[in-house]
Amino acid sequence: MKGNEKLIKVLNDLLADELTAINQYMVHSEMCDDWGYEKLHKQFEKRAIVEMKHAEKLIGRILFLEGLPTVTKLNKITIGADVPKQLAADRAAEAGAIKAYNEAVKLAAEVGDNATRDFLQQILNDEDAHIDEIEELQDQVSQMTLPIFLTTQVKE
């Protein structure tokens, strides 16, 4: 099915966002593993895997619309030097993703591609959950103080 060219471009932009997020989350995950924060390591790793699934779905949708997926483009990756900076960088990335997915949902509706709109809405729901998880961690850091929070993230 030949898709709308503008929508295919937006899907490729979203794919770049997802590929960037995968890299950022994986580096943060491995940093936390290196520091001994096993719970954060697992959370970041799990989020990276969800982003991988998003990328896979976007590639599939682009191909379905007879577009060519661009997998060589990454956006700016922001690696946090410590856990609060990691959470801030990840929150900023998710906020950007939510904005981009909302705009893409709107575009898909405007061009009459409701299947792509619904597909994008599902990913948007995941991104909403991601930012909620990150903000929850940031709230815990704020309420507990960083040293106490970090003691809760080590292997039990």
ask   = Say we look at segment 85-111 and pick out the residues that are surrounded by fewer than 16 Cβ atoms within 10 Å (Cβ to Cβ) and of a type outside the set (A, V, I, L, M, F, W, C); which of these is farthest from ILE22 (Cα to Cα)?
value = GLU110
ask   = With respect to the numbered conditions (1) in a loop (DSSP other than H, G, I, E, B); (2) touching a Leu at 6+ places or on another chain (Cβ under 7 Å); (3) among the polar types (S, T, N, Q), which one is the sole condition not fulfilled by THR72?
value = (2)
query = Out of all the residues in segment 112-131, which are assigned to a loop (DSSP other than H, G, I, E, B) and surrounded by fewer than 19 Cβ atoms within 10 Å (Cβ to Cβ)?
reply = GLY112
message = So, in segment 23-47, how many residues would count as being buried (at least 20 other Cβ atoms within 10 Å of the Cβ) and aliphatic (A, V, I, L, M)?
response = 1
task = Filter segment 132-145 down to residues that are part of a helix (DSSP H, G or I) and loosely packed, with under 13 Cβ neighbours inside 10 Å and give me whichever is nearest to the chain's Cα centre (by Cα).
result = ASP132
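No value in this document is a laboratory result; all are computed from the given coordinates. Computed from a predicted model, the values in this text were never measured in an experiment. For neighbour counting, all protein chains shown are included, and Cβ atoms are generated from backbone atoms with ideal geometry for every residue, glycine included.
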